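Derivation of every value follows stated rules applied to the coordinates shown; laboratory data play no part. Quantities reported herein were computed from a predicted structural model and do not represent experimental measurements. Note: ideal-geometry Cβ built from the backbone for every residue, glycine included; neighbour counts use all protein chains shown.
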Amino acid sequence: MKTDMDGLILRDLTVGDKDRIITVLTKEKGIISCYVKNALMVKHHNFAATTPLTYSRLCLYRNRGMYIVDQAEAIRSFYNFSMGVKEFALSQYLCELAIETIPAETESDGQLELLLNCLHVLVNGIKTNDVIKAVFEIRLATLGGNMPNVIYCAECGTYDSPMMFFDPYTNKMLCEDCFRGQEEFCALSRGAVTAIRYIITAAPKKIFSFMVSQESMEQVARISEIHMTELVGRQLKTLNYYQLVNNDKDKA
Ligand SMILES: [Zn+2]
């Protein structure tokens, strides 16, 4: 039996001379792996539609527990030859995070919508890379049931304080009164706390509609990266690469 599924191609792996296995994020089944026969033949009608960063309609059938791509049609490609190295590195990190954190065979409507939205904002240069990365990390964690705990002070329950302190390793926030100088806590301005709360709760289509100062954004970016890395349990290679190309900016 054949099934149609729309999905974003996250990664591909060549098998033998001509075949590939692609990793796809779908709305209905979360992360799935699909076999593409003869994929390296450029003339093959499935080729463009089964390359990474393409959102495609896939016609699949199952054989021995594996999805096989029967036909594929590209709906939208997020790969852009003029994309800068930092933007490309970020797109790879977002895809790897999706692969690492979204379960297989589980409905993942929210995660797919989030990733498509982030890639759209990325390829069109609508927001800075830091903002896109933090929005993806925070919202992806939230959708997976692991939101950063930035709603109340963990000790006294205070909701609003000029300065809050967040420990991304234990996922705990303290207000100014309860904070006692612990080194692992990162300071968060009121603007940074408001931005994180917004990213957690905003309607999907409005998730980028917030304003934050550069200084507060740096605080958000720092805790979102550590929080997500703690959830994954290790630092991803694509994150290393993203950091490398960003630290190299002076040489460019
Ligand atoms: Zn407190």
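Mind checking the full-extension length gain between H120 and D248? Use 0.36 nm per residue of separation minus the Cα-Cα distance, one decimal, nm.
Result for the pair: 43.6 nm of gain on full extension.
No partner Cβ under 4.7 angstrom, meaning no disulfide-compatible partner by this rule: which Cys of the chain qualify?
Cysteines lacking a close Cβ partner in the chain: C34, C59, C95, C118, C156, C178, C186.
Going by how many other beta carbons lie within 10 Å of each one, how would you line up R76, R64, R20, R139, fewest first?
R64, R76, R20, R139
Given R₀ = 30 Å, what would the calculated FRET efficiency be for D17 paired with A202, taking r from the Cβ atoms and rounding to 0.05?
0.05
Arrange the following residues from fewest to most other Cβ atoms within 10 Å of their Cβ: C178, C34.
C178, C34
If we count other beta carbons within 10 Å of each Cβ, what is the order of S108, S216, fewest first?
Ranking S108, S216 by Cβ neighbours within 10 Å, fewest first, gives S216, S108.
Quick one: which of K2/K127; K18/K205; K127/K237; K2/K206; K133/K172 span more than 31 angstrom between C-alpha atoms?
Where the Cα-Cα span goes over 31 Å, the pairs concerned are K2/K127; K18/K205; K2/K206.
Roughly what would the spin-label model give for M66 and I151, points 7 Å off Cα along C-beta, in nm?
So the label points at M66 and I151 sit 4.5 nm apart.
Mean Kyte-Doolittle of at least -0.5 and a Cα length of 20 Å or more along the axis: which whole DSSP H helices of the chain meet both?
Span-like helices in the chain: 85-101, 109-123, 129-143, 214-232.
Which log10 I(q)/I(0) values does the stretch 85-251 give at q = 0.12, 0.13, 0.15, 0.19 Å⁻¹ under the Debye formula, counting every alpha carbon as one identical point scatterer?
-0.52, -0.62, -0.82, -1.28
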